[in-house]
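Presented below is the structure to which this report refers.
The values are calculated or read from the model by the stated rules, or taken from the named source; none is laboratory data. Values in this document were obtained by computation on a predicted structure and should not be read as measured data. Cβ atoms come from the backbone with ideal geometry, glycine included; neighbour counts cover every protein chain shown.
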């Protein structure tokens, strides 16, 4: 049986090995990783069927989440339909599958990393058990669609915008590419996981919700592309990945980046720092994946001469200064930008951006194995 599945997606084999050696060399970080992984593993296995209420379909295997910035209308007795308050998260948002999904991804990532750094007995097997519980076990698996993602009471049972919930799976799949085969994770298990993602990818491309998200003009559209491209590469469908980049990502580069490198659609938001970093992170991932096809998206110039590389320069000059041009109604968490700076350094060869990534990545593994959320 091969020792590793050796899939090259976002993180290269060389990057991964260098990263592991750095963590191993820092005993305090390695110990912190082991503690966090042990804490995550101590909890019961996470599954989509454990939510308090099922989706409107009645099937507990159907993923369900609510829109984060929507609240009951105080002017109506029943609060319906809910109304939007951009940037203000309704606490009920934390009661659904999106939070369980985030915890599942974090758990698997920590266990895979702990197995690689500390060689903790059983860590890789525990990661595999969690993956099979969420994706493969007929009793507990998630159905491969997001029909009921980000529902809004009084308005809809789910919407295309909800597809952004599974952005977290991008980092998970990249990390899975470093999960060695073991007694609990076989080549057959990997093929079954690929089948799950293949069905999900088909739903993304063909459902009305998926088509709606593909038409989104801001970070939603960019992250849709990133999911489609990565899942297509993971499921050995490179023709789908390349077509998504050529027919959609190139257009987004032309329409979402201003001549000065700013991202106007994200600057309109009440959490503009967060969303500029978030959207540019998606472009950085797409640029990294584009290299599989010999495409240099990072330095591709749009109609006004703008490039994603220039956008990171624009961001770097303002993110931590007093001259930020947009609104940010909640404190910005600097570690959200660590992965973006790491990818930017890799794509541009800018050592100062890698230094910035290391400064922001607290804990250090945020630089490589964790994805920013929305």
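Suppose we keep only residues that are under 12 Å from residue 87 (Cβ atoms) and not in a helix (DSSP H, G or I) within the stretch 260-276. Which one would you say is nearest to the chain's Cα centre (by Cα)?
This residue is 271.
From 140, 166, 133, grab the single residue that is in the same structural domain as residue 22 (by TED's automatic domain parsing), under 18 Å from the mean Cα position of the chain (by Cα) and either at pLDDT 95 or above or within 23 Å of residue 233 (Cβ to Cβ) (or both).
166
Just to be sure, is residue 353 assigned to a helix (DSSP H, G or I) and modelled with pLDDT of 95 or more?
yes
Given the conditions (1) surrounded by fewer than 18 Cβ atoms within 10 Å (Cβ to Cβ); (2) over 19 Å from residue 155 (Cα atoms); (3) in contact (Cβ under 8 Å) with a residue 60 or more places away in the chain, and given that residue 48 satisfies all but one, which numbered condition is not satisfied?
So residue 48 meets the others, but not (1).
From 237, 168, grab the single residue that is at negative phi and without any contact (Cβ under 8 Å) to a residue 60 or more places away in the chain.
On the way: 168 fails: without any contact (Cβ under 8 Å) to a residue 60 or more places away in the chain.
Exactly one residue qualifies, and that residue is 237.
Can you tell me which of (1) part of a helix (DSSP H, G or I); (2) surrounded by 22 or more Cβ atoms within 10 Å (Cβ to Cβ); (3) touching a strand residue (DSSP E or B) at 6+ places or on another chain (Cβ under 9 Å) is the one residue 111 doesn't meet?
Failed condition: (3).
Looking at residue 180 and the list (1) under 24 Å from residue 109 (Cα atoms); (2) in a helix (DSSP H, G or I), which single condition is not satisfied?
(2)
For the stretch 290-312, give me each residue that is surrounded by fewer than 16 Cβ atoms within 10 Å (Cβ to Cβ) and more than 21 Å from the chain's Cα centre (by Cα).
Correct list: 293, 294, 296, 299, 301, 303, 304, 305.
Just to be sure I understand the filter: pairs with C-beta atoms under 7 Å, separated by 6 or more residues or on different chains, first member in the stretch 77-95 and more than 17 Å from residue 271 (Cβ to Cβ), second member exposed (fewer than 13 other Cβ atoms within 10 Å of the Cβ). Which pairs pass?
Hits for this filter: 95/52.
If I ask for residues that are in a loop (DSSP other than H, G, I, E, B) and either outside the structural domain of residue 248 (by TED's automatic domain parsing) or out of contact with any helix residue (DSSP H, G or I) (no Cβ under 8 Å at 6 or more places or on another chain) (or both), which ones from the stretch 279-301 would you list?
Across the stretch 279-301, the qualifying residues are 294, 301.
Of (1) crowded, with 18+ Cβ neighbours inside 10 Å; (2) farther than 11 Å from residue 108 by Cβ, residue 126 satisfies all except one. Which?
(2)
Need the failing condition index for residue 146 against (1) outside any helix (DSSP H, G or I); (2) surrounded by fewer than 23 Cβ atoms within 10 Å (Cβ to Cβ), just the number.
(2)
Scanning for something outside the structural domain of residue 362 (by TED's automatic domain parsing), exposed (fewer than 12 other Cβ atoms within 10 Å of the Cβ) and in contact (Cβ under 8 Å) with a residue 40 or more places away in the chain, does the stretch 10-28 turn up at least one residue?
No, because not a single residue in the stretch 10-28 is outside the structural domain of residue 362 (by TED's automatic domain parsing), exposed (fewer than 12 other Cβ atoms within 10 Å of the Cβ) and in contact (Cβ under 8 Å) with a residue 40 or more places away in the chain.
Out of all the residues in the stretch 240-278, which are within 18 Å of residue 327 (Cα to Cα) and without any contact (Cβ under 8 Å) to a residue 12 or more places away in the chain?
The one that is within 18 Å of residue 327 (Cα to Cα) and without any contact (Cβ under 8 Å) to a residue 12 or more places away in the chain: 264.
Filter the stretch 72-101 down to residues that are farther than 16 Å from residue 151 by Cα and surrounded by 15 or more Cβ atoms within 10 Å (Cβ to Cβ) and give me whichever is nearest to the chain's Cα centre (by Cα).
101
Would you call residue 162 in contact (Cβ under 8 Å) with a residue 40 or more places away in the chain, in a helix (DSSP H, G or I) and over 26 Å from residue 11 (Cα atoms)?
Yes; evaluated as a whole, the condition is true for this residue.
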